[in-house]
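Trainee: Shown below is the structure under consideration.
Nothing in this text is a laboratory measurement; each read-out follows from the coordinates by a stated rule. Keep in mind that what you see is a predicted model, and the values were worked out from it rather than measured. Cβ atoms come from the backbone with ideal geometry, glycine included; neighbour counts cover every protein chain shown.
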Amino acid sequence: MYTRHHNNEDFRNKKDFCNGKFDRKFDKFREGFFNSKHPMKEVFAEKISSFKPVNISENEEYYALQLFAAGLKKEAFNIAIKDRVLTISYKATEDKEKANYIYQEVYASSFERSFKLNEKVASENISAGYEDGILTVILPKDPENNIPAQEIKVS
């Protein structure tokens, strides 16, 4: 009859997985693909580094948008609101003296993120600050449009 074996051991932690050949081949592929001379490096590396992750939280008084962008200059950020769309952009500047990197994973590239604001945001009172690599945008709630949910009892 059929017997099922449950092998819960993570095969990647085994040092002798294919006698290490898989790890060596994958490392060689990765190094070759992201080597500074590879034509696809510029295409993918800048696209990946230009995406900045965001967390948005809410409390009773405001929404807080945190954009994670370490190593950037706060003077180069631009925050604008038009037609209830919040746009955060960054214009990277070219360094006069480029470092001779032997390996690079962090790029200071330009980016833009946009967010549709709901009617609860008082757009005239938005504030922002940049500290420890995190751009925080405070979006206060408009008390006139911030009506709590109403419970309706079923009879």
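Trainee: I need the phi-derived Karplus couplings for the stretch 103-118: 6.51 cos²θ - 1.76 cosθ + 1.60, θ = phi - 60°, integer Hz, Gly and Pro marked x.
Mentor: My calculation for the stretch 103-118 gives 7, 9, 10, 10, 10, 8, 10, 5, 7, 8, 10, 10, 9, 7, 8, 8 Hz in order.
Trainee: OK, next. With labels modelled as points extended 7 Å from the Cα through the Cβ direction, what inter-label distance (nm, one decimal) is found for Asp83 paired with Phe22?
Mentor: 5.1 nm
Trainee: Suppose each label sits 7 Å from its Cα in the direction of the beta carbon; what would the Ala64-Ser114 distance come out to in nanometres?
Mentor: Between Ala64 and Ser114, the simple spin-label model gives 2.8 nm.
Trainee: Would you be so kind as to identify which of Leu65, Ala128, Ser109 lies farthest towards the positive end of the dipole of the stretch 58-136, taking Lys and Arg as +1 and Asp and Glu as -1 on Cβ and the Cα centre as origin?
Mentor: Of Leu65, Ala128, Ser109, it is Ser109.
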